[in-house]
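Working notes, beginning with the structure itself.
The values are calculated or read from the model by the stated rules, or taken from the named source; none is laboratory data. Bear in mind that the values here come from a model prediction, so they are computed numbers and not experimental data. FYI the Cβ positions are ideal-geometry reconstructions off the backbone, even for glycines, and counts take in every protein chain you see. We work out accessible area using only protein heavy atoms, side chains counted, and drop any ligands, DNA or RNA first. Shrake-Rupley method; radii C 1.70, N 1.55, O 1.52, S 1.80 Å.
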Amino acid sequence: VAGELGQDMGWEVYAVGGFVRDILLARPNFDLDLVVEGDAIAYARRLARQLGGRVKAHVKFKTAVVILDDQRVDVATARLEYYEYPAALPTVELSSIKMDLYRRDFTINALALRINPGRFGQLVDFFGAEQDMKNKAIRVLHSLSFVEDPTRILRAIRFERRFEFQIGGQTLRLIKNALSLDLFSKLSGTRIMHELQLIMAEENPLACLNRMQELGIMEAIHPLLKLSADRVQVLMELGKVNNWYKLLYLEPRVVPWKLYLLGLTMGIKRDQIGQVTSRLRFTTKEEREFLQLRDMIGDALMRLMSWREDKSRLSRLSAILRPIPLEGVLFLMARSRKEHIRRGISQYLTRLRDVTIDVSGTDLQEMGLAPGPAYSAILVRVLEAKIDGRAQTREDQLRLAKR
Ligand code: CTP
């Protein structure tokens, strides 16, 4: 459909970027990016009409998003290339996929796939991307790539570790050069944080962080973020716990950066943590929440030390963990040396936190109790009894509430 529409409108249309890369690498990718050698917005509007979707247009950037039920398609207008003809001839404006691809980060992301009928599936490879894929190499397209956009250094590392490729020799030199020019310190915290979030959402964030450390990037972001052996150890444990939790398909989902940032900032004193959060441009609210999370964890670690595995006391474990956000609970699980605590936390996550009781405030009212703060104390008591296996049925729970 997308290709035929392009043909109808008289424009070449290409699938580009990560989508094409991932086809060649036989990896799933559902983010379709299209480039039109024409008016992307007009094209997107017609595409949406044909497919029954909505369009969000960014007139300034000549781009649009087609939003379908289960997918979104980004459509961009190919950058224009200007050919100056000598003498009296006018400047010719040529819309060009080549120019569009040239401004991209790495050869492997600078591939296009023609989708117009007749040429459907033709690979457009101006920069040797196919060869680089065969060689498993991450290469930039030109030597100013990292100067133009230093976040590409982090992207290079992310792709290198994700695909188990190697950053090419010249590209690595350009990275080192950019780092020695201290381009990182000029990079905004917001952009660094965004890249860190993407890294931490990878299958193996630690591989990326290790590579960053090797290149001196952790300290370039902030000296307090140096990846010490202790932190590597903790991050490894966090990775295991995170994978365990992911495989259970439980809700809510983990926000990976919240989990890993706890490990990355381990050992930083409370009065110094602000240096890191302000470098990463946390809002006041984000900073407060992060500090709170760290405090809760510190407090819970102390209380967990005296927790003994004993059926009657699962409710106590549950009471310790309940106020703590999921990432904090997983951190505690990763940090606990004692097997019985890990087992208890795992029970909490898979079962205890979802335990609900079968009596409600209405029941208490019917018993003749005046509504008030006593209600929640009673309901908590009932919940704890149920968790400890002492009040499984509604009758048991009502009896307990009456006492
Ligand atoms: N891009 C770039 N420079 C950047 C960010 C993006 O050149 N700093 C280009 C790349 O060509 C990339 C495309 O924009 O393919 C889309 O970016 P994004 O969606 O971030 O990348 P994907 O390659 O799809 O990566 P991922 O698989 O992580 O989604």
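Report, by residue number, each residue of region 392-403 that is open to solvent by 30 Å² or more (accessible area, probe 1.4 Å) and outside any loop (DSSP other than H, G, I, E, B).
Passing the criteria: 394, 395, 396, 398, 399, 402.
Check every one of the helices (runs of 4 or more DSSP H) wholly within region 94-191 and list those with 1 or more residues that are surrounded by fewer than 21 Cβ atoms within 10 Å (Cβ to Cβ) and within 11 Å of the ligand (Cβ to nearest atom).
Details: elements: 97-102, 129-134, 145-148, 151-163, 169-180.
Of the helices (runs of 4 or more DSSP H) lying wholly inside region 94-191, those with at least 1 residues that are surrounded by fewer than 21 Cβ atoms within 10 Å (Cβ to Cβ) and within 11 Å of the ligand (Cβ to nearest atom) span 97-102, 145-148, 151-163.
On the stretch given as region 212-240, residues that are within 19 Å of residue 187 (Cα to Cα) and not acidic (Asp, Glu) total 13. Just so you know, in region 68-79 the residues that are assigned to a strand (DSSP E or B) and under 21 Å from the mean Cα position of the chain (by Cα) include one that is modelled with the lowest pLDDT, and it is 72. Among the candidates 326, 317, the residue that is of a type in the set (A, V, I, L, M), over 21 Å from the mean Cα position of the chain (by Cα) and over 16 Å from residue 265 (Cα atoms) is uniquely 317. Yes or no: region 44-59 includes at least one residue that is within 16 Å of the ligand (Cβ to nearest atom) and in a strand (DSSP E or B). Taking every residue of region 44-59 in turn, at least one turns out to be within 16 Å of the ligand (Cβ to nearest atom) and in a strand (DSSP E or B). Selection of region 19-40 for residues being under 12 Å from residue 74 (Cα atoms) and either open to solvent by 10 Å² or more (accessible area, probe 1.4 Å) or part of a helix (DSSP H, G or I) (or both) yields 19, 30, 31, 32, 33, 40.
Only one entry of 203, 219 meets the criterion of being within 12 Å of the ligand (Cβ to nearest atom), touching a helix residue (DSSP H, G or I) at 6+ places or on another chain (Cβ under 9 Å), open to solvent by 50 Å² or more (accessible area, probe 1.4 Å) and among the charged types (D, E, K, R), and that entry is 203. Just one of (1) more than 16 Å from the ligand (Cβ to nearest atom); (2) at pLDDT below 90 trips up residue 30, so point out which. Residue 30 satisfies every listed condition except (1).
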